[in-house]
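Below is one structure, written out as structure tokens; the observations come after it.
The values are calculated or read from the model by the stated rules, or taken from the named source; none is laboratory data. Because the structure is predicted, anything quoted here is derived from the model rather than measured. Cβ coordinates were reconstructed from backbone atoms using ideal geometry, including for glycine residues, and neighbour counts include every protein chain displayed. Heads up: the accessible areas ignore ligands, DNA and RNA and are worked out on the full protein's heavy atoms, side chains in. Shrake-Rupley method; radii C 1.70, N 1.55, O 1.52, S 1.80 Å.
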Amino acid sequence: MQQLEIKNLRVAIGENEIIRDLSLSVGLGEMHAVMGPNGSGKSTLAKVIAGHPDYKVTGGEVLMDGENLFELDPDERARKGLFLAFQYPSEVPGVTIANFLRAAMQARLPEGEELEATDYYAKLYEKMDLLEIDRSFTSRAVNEGFSGGEKKRCEILQMAMLDPRYAVLDETDSGLDIDALKVVASGVNSLRGPNLGVLLITHYQRLLNYIVPDFVHVMVHGRIVRSGGKELALELEEKGYDWIREHAGEPVAA
Amino acid sequence: MKTDTSAVNIDRDKGDFHYKVDYGYDAGVGLDERVVNYISDVKQDPDWVREFRLKALQTFESKPLPTHWASKDLEAIDFNKIRYYLAQGQRATRSWDEVPEDVKRTFERLGIPEQERKFLAGVEAQFDSEAVYSNIKKAVGEQGVIFVGSTEGLKEYPEIFRRWFGKVIPTGDNKFSALNSAVFSGGSFIYVPPGVKVKHPLQAYFRINAENFGQFERTLIICDEGSELTYMEGCTAPKFNTATLHSAVVELIALKGAKLQYITVQNWSPNVFNLVTKRGLAHEESEIKWIDCNIGSRLTMKYPGVVLKGRKSRGEVLSIALANNGQHQDTGAKMIHAADETTSNIISKSISIGTGRATYRGLVHVPKHLKNCRNNTECDALLINATSRTDTYPAITVRGTGNSVQHEASVSQVSAEQIFYMQQRGLSEAQAMSLSVNGFVNDLVRQFPMEYSVELKRLIELEMEGSVG
Ligand SMILES: Nc1ncnc2c1ncn2[C@@H]1O[C@H](COP(=O)(O)OP(=O)(O)O)[C@@H](O)[C@H]1O
Ligand SMILES: [Mg+2]
């Protein structure tokens, strides 16, 4: 029961089927990597789990600790412990990181209860130090004018503050130089533990040198074509996606 | 999710309640000479005021509605169905204990006595036509600061009052300034002596309680040389099915080197026509700043202005307008440069929700013979829904060499991606919207005094809650 369970999921945009009968379970405490070429549907999967309104679920379900996520609004899913680190995080003009996170944490408290400001800032500064984010960032508007790397760090900061049960990290490594990658990876590693399940979406094997997964899944054209242990990532790195496509009987893209 | 409905309702429409009150003085329905004379009689006006009123009535009757450029919705006002004067008496007390119980409970519910204790230097509370309470802290009074209702002001301090009254905004400025001049009652009269810096704000609260009523307060503030003052006004009215009219005239005078800041946070119910004329006269090296937050009403037409009469004087208008479903906020600013080295700054932010419409109308005038004048105008509009509307009419005429003007305008929308992003962090759609709107006005609100930015933020949240989902 303590798992994020994707069962026979089918998702379409218009007439176009993007996720085609995909099943995958992430147990609490586990780190699952999903690897796949561009356009295979990884971000679509992430956003459907989080409840993005643009996608049409045409089959299957997603259960979080046994509860059907498709019956919940995106914000309810979040408050119940689902977190998505976006591949392309939105800007929230004029709203500072400090205020944004404060509102997000306040939204998790029972009605009538106020977030304790001192505790909040203590935690915020601790997590910022961990992610090597300058204190001046608290007064900057969320993602406004951030570099790619700053955005990714800010996503992990939010994850660290919100203590999710299940987190989907969508290409959190893209656009990071090696130093920034190490910082983000150590941030994610510090959050690992028996009370967090992670679905780590990535295009490159590189990230998995720093965040070592328990399981690796390869996604091609909307379905998982191969699953295995962490060695699978290395094999994939060596042989390339075409190798997988051939094995999976999928057409090899030009 | 909304469980405690009773508490939520009171909070959502903080001003939307009304108690039955016995009025001893009632000018009846409609407007003519008899009504104006009735008002003059009960207020025991000096002759010059009565004459001023009667002349103004003629001006009002002769002037057309400005519907050639403004909203046709103005034609929905039936001047013959409005009550122009309602009061229990004409003298404001100096103590809340002496305010009649049926009126006092309204202000208690609005939290006015509490705010007075906490952070204000003085308060005037107006209920329909007359101020029922008016008081300043002893220490402020001892500095020679005068803070009374307009009726008391014109009688007790005629030498100051008469010198400035109607000088910044002449009766014939527009149809509604003429109307106000004919039937004005209530509003504040303030005089700050030379060099006196009033540390805490003075506040007036204008409350409409009666149906079919028109409130016509008249405020006159004079800051003598080198003095400083912050004045704040708040307003509410209950929601009625019929039209309520609020038509104030506010005149500010800042003498040499004075600094005067006038803050409005209005939260009118959606049946109020709010047609207000506000203007300041800035003498040499003085500064007049209008902070104007317009929430609610059916139609607001208000363009606070500053006439920059003295060298190196400075005028500023910072305004926020929120037009919800069915509402039209037609607001803006006027800056009339009339001396060298004068500067003006206009920052206007508007938010349109649902079928709400926000219009910015500006007027910046710098004549050719002036030197080294500067104006900066920024107007930003935020549209929440596809049906929301915004228009901008910035009329800027800057002539002459060495004068400069900067103008920026933007229209933006809260994107669906942004809302989804915020929802993914656990905020409801309404919370995400109101946080986005607060973000939009944030850089402006930061310049407001603390108590008012908190109040404004709360009002925006309540508006968004009522309009989303
Ligand atoms: N909002 C959208 N509208 C139309 N097509 C989309 C949309 N989002 C994704 N797609 C299409 O779905 C496919 C999968 O995209 P995506 O999930 O972003 O893949 P990945 O993250 O693996 O690169 C692509 O062909 C992409 O063009
Ligand atoms: Mg992607």
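Some notes on this structure:
- Yes/no for A:LYS80 being open to solvent by 20 Å² or more (accessible area, probe 1.4 Å) and within 16 Å of ligand 1 (Cβ to nearest atom): no
- Count of the stretch B:188-210 residues which are surrounded by fewer than 21 Cβ atoms within 10 Å (Cβ to Cβ) and within 10 Å of B:ILE146 (Cα to Cα): 1
- Selection within the stretch A:1-51: residues that are of a type in the set (D, E, K, R) and more than 14 Å from ligand 2 (Cβ to nearest atom). The member of this set that is farthest from A:PRO213 (Cα to Cα) is A:GLU15.
- For the stretch B:402-426, the set of residues classified as buried (at least 19 other Cβ atoms within 10 Å of the Cβ) and facing chain A (nearest Cβ under 10 Å) consists of B:VAL414, B:GLN418, B:ILE419, B:PHE420, B:TYR421, B:MET422, B:GLN423, B:GLN424, B:ARG425, B:GLY426, listed by residue number.
- Check on A:TYR125, away from ligand 2 (no atom under 16 Å from the Cβ), over 28 Å from A:SER174 (Cα atoms) and in a helix (DSSP H, G or I): no
- Selection within the stretch B:361-391 - among the polar types (S, T, N, Q) and part of a loop (DSSP other than H, G, I, E, B): B:ASN372, B:ASN385, B:THR387, B:SER388
- The one condition in (1) surrounded by 15 or more Cβ atoms within 10 Å (Cβ to Cβ); (2) away from chain A (no Cβ under 14 Å); (3) modelled with pLDDT of 90 or more that B:GLU429 fails to fulfil: (2)
- Options A:GLU61, A:GLU76: the member that is within 14 Å of chain B (Cβ to nearest Cβ) and away from ligand 2 (no atom under 16 Å from the Cβ): A:GLU76
- Output for the stretch A:125-143, where each listed residue is within 9 Å of chain B (Cβ to nearest Cβ) and not hydrophobic (A, V, I, L, M, F, W, C): A:ASN143
- Of residues in the stretch B:79-116 being open to solvent by 10 Å² or more (accessible area, probe 1.4 Å) and within 20 Å of the chain's Cα centre (by Cα), the one nearest to B:VAL145 (Cα to Cα): B:GLU116
- In the stretch A:169-184, the residues that are within 14 Å of another protein chain (Cβ to nearest Cβ) reach residues that are within 12 Å of ligand 2 (Cβ to nearest atom) and hydroxyl-bearing (Ser, Thr, Tyr) with C-beta atoms within less than 7 angstrom, at least six apart or across chains, in these pairs: A:ASP170/A:SER43.
- In the stretch A:47-58, the qualifying residues are those that are β-branched (Val, Ile, Thr) and open to solvent by less than 10 Å² (accessible area, probe 1.4 Å), and the one that is farthest from the other protein chains (Cβ to nearest Cβ) is A:VAL48.
- Filtered residue count, the stretch A:84-124, keeping only those that are acidic (Asp, Glu) and more than 8 Å from chain B (Cβ to nearest Cβ): 4
- Scanning the stretch A:187-216 for residues that are buried (at least 22 other Cβ atoms within 10 Å of the Cβ) and within 16 Å of ligand 2 (Cβ to nearest atom) yields A:LEU199, A:LEU200, A:ILE201, A:THR202, A:LEU207.
- A residue that is open to solvent by 20 Å² or more (accessible area, probe 1.4 Å), farther than 25 Å from A:VAL225 by Cα, of a type in the set (Asp, Glu) and within 16 Å of ligand 2 (Cβ to nearest atom) cannot be found anywhere in the stretch A:87-100.
- Among the residues of the stretch B:443-464, those identified as within 12 Å of another protein chain (Cβ to nearest Cβ), surrounded by fewer than 19 Cβ atoms within 10 Å (Cβ to Cβ) and assigned to a helix (DSSP H, G or I) are B:ASP443, B:LYS457.
- Condition check for B:LYS138: over 19 Å from the mean Cα position of the chain (by Cα) and free of Cβ contacts under 8 Å to residues at least 12 places away in the same chain: yes
Residues are listed down the side, and each one gets a yes or a no for (1) of a type in the set (Gly, Ala, Ser); (2) open to solvent by 60 Å² or more (accessible area, probe 1.4 Å); (3) closer than 30 Å to B:GLY466 by Cα:
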{"site": "B:ALA339", "(1), (2), (3)": "yes, no, no"}
{"site": "B:SER344", "(1), (2), (3)": "yes, no, no"}
{"site": "B:LEU382", "(1), (2), (3)": "no, no, yes"}
{"site": "B:ALA386", "(1), (2), (3)": "yes, yes, yes"}
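- Among the residues of the stretch A:150-185, those identified as open to solvent by less than 40 Å² (accessible area, probe 1.4 Å) and either touching an Asp or Glu at 6+ places or on another chain (Cβ under 7 Å) or β-branched (Val, Ile, Thr) (or both) are A:ILE156, A:VAL168, A:THR172, A:LEU181, A:VAL183, A:VAL184.
- The stretch B:261-329 holds strands (runs of 3 or more DSSP E) entirely within its bounds, and those carrying 1 or more residues that are closer than 20 Å to B:GLY187 by Cβ and of a type outside the set (Lys, Arg) map to B:272-282, B:287-296, B:299-302, B:305-308.
- Subset of the stretch A:13-27 that is under 15 Å from A:ILE49 (Cβ atoms) and within 11 Å of ligand 1 (Cβ to nearest atom) - its residue that is least open to solvent (accessible area, probe 1.4 Å): A:ILE19
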